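A.B. asks: This is the structure I want to talk about, given as structure tokens.
The values are calculated or read from the model by the stated rules, or taken from the named source; none is laboratory data. All figures in this text were calculated on a predicted structure; none of them were measured in a lab. Don't worry about glycine lacking a Cβ; one is built from the backbone with ideal geometry, like all the others, and counts go over all protein chains shown.
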Amino acid sequence: MSSATSLQLADELRSRLEAESQRIDSPVESLAAALLDEGLRMRRFSGIVFRDGPTGRRAGLVNGPDVWEIIRDLQSATGDHAARVSQVRDEAALAGSAISLAEQYYESYPAEIDDRIERHYEFVEQLLEANETERRAGADVESRAGDRGTSPRSGMSL
């Protein structure tokens with residue numbers, strides 16, 4: 001649900017907002033709402049920033065990985081909570097406070113982070129399937145070339 005809100009913006013700020021909305025091909029109102037949301041989140045969770053990427057903007061640590069990556073690693077680690085935090089801290093070379101910040105962000109926005117993790121696993125699955133298809137196609141080519149006594153790469157007789 002949304003409601004209309006009127007804001008007075010300085011001319012220079014409005015110009016920058018319009019230029020950015022054109023650059024990313026997004027309506028000014030949508031961009032303004034997204035920036036306000038991100039700004040409020042960054043204010044609440046000092047040390048969290050938002051980054052652009054191939055799958056859109058996502059929350060990450062200022063000088064570290066994305067929040068979803070930390071949560072994914074915590075979820076896949078073994079042991080009790082302290083053991084999982086220790087494992088991720090050591091493997092990712094993160095401070096305990098950074099992991100705690102990621103966990104706090106996740107507690108407030110679990111659907112956002114869970115969606116990122118799910119998309120990651122879907123992407124990995126697609127890569128594995130494509131790799132397997134490519135491997136099979138390569139094996140078929142080599143098999144057919146072997147039947148003809150030629151090298152599939154050079155076309156030369158073996």
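A.B. asks: Only one of Arg72, Arg51 is within 18 Å of Ile117 (Cβ to Cβ) and in contact with a helix residue (DSSP H, G or I) (Cβ under 6 Å, 6 or more places away or on another chain). Can you tell me which?
C.D. replies: Result: Arg72 is the single residue among Arg72, Arg51 that is within 18 Å of Ile117 (Cβ to Cβ) and in contact with a helix residue (DSSP H, G or I) (Cβ under 6 Å, 6 or more places away or on another chain).
A.B. asks: List pairs: first residue in region 40-64 and farther than 16 Å from Ala111 by Cα and of a type outside the set (Phe, Trp, Tyr), second residue at pLDDT 95 or above and in a helix (DSSP H, G or I) anywhere in the structure, Cβ distance under 6 angstrom, at least six positions apart or on different chains.
C.D. replies: Hits for this filter: Gly47/Leu101; Ile48/Met42; Ile48/Tyr105; Leu61/Ala98; Gly64/Ala98.
A.B. asks: Mind listing just one residue for me: the one in region 109-139 that is closer than 21 Å to Gly39 by Cα and in contact (Cβ under 8 Å) with a residue 24 or more places away in the chain and, of those, surrounded by the most Cβ atoms within 10 Å (Cβ to Cβ)?
C.D. replies: Among those that are closer than 21 Å to Gly39 by Cα and in contact (Cβ under 8 Å) with a residue 24 or more places away in the chain, it is Ile113.
A.B. asks: Just to be sure, is Ala33 surrounded by 17 or more Cβ atoms within 10 Å (Cβ to Cβ) and among the small types (Gly, Ala, Ser)?
C.D. replies: no
A.B. asks: Out of curiosity, is Ile71 in contact with a Phe, Trp or Tyr (Cβ under 6 Å, 6 or more places away or on another chain) and of a type outside the set (D, E, K, R)?
C.D. replies: yes
A.B. asks: Any idea which residue in region 140-150 is modelled with the highest pLDDT, counting only those that are surrounded by 12 or more Cβ atoms within 10 Å (Cβ to Cβ) and in contact with a Ser or Thr (Cβ under 8 Å, 6 or more places away or on another chain)?
C.D. replies: Restricting to residues being surrounded by 12 or more Cβ atoms within 10 Å (Cβ to Cβ) and in contact with a Ser or Thr (Cβ under 8 Å, 6 or more places away or on another chain), the top hit is Ala145.
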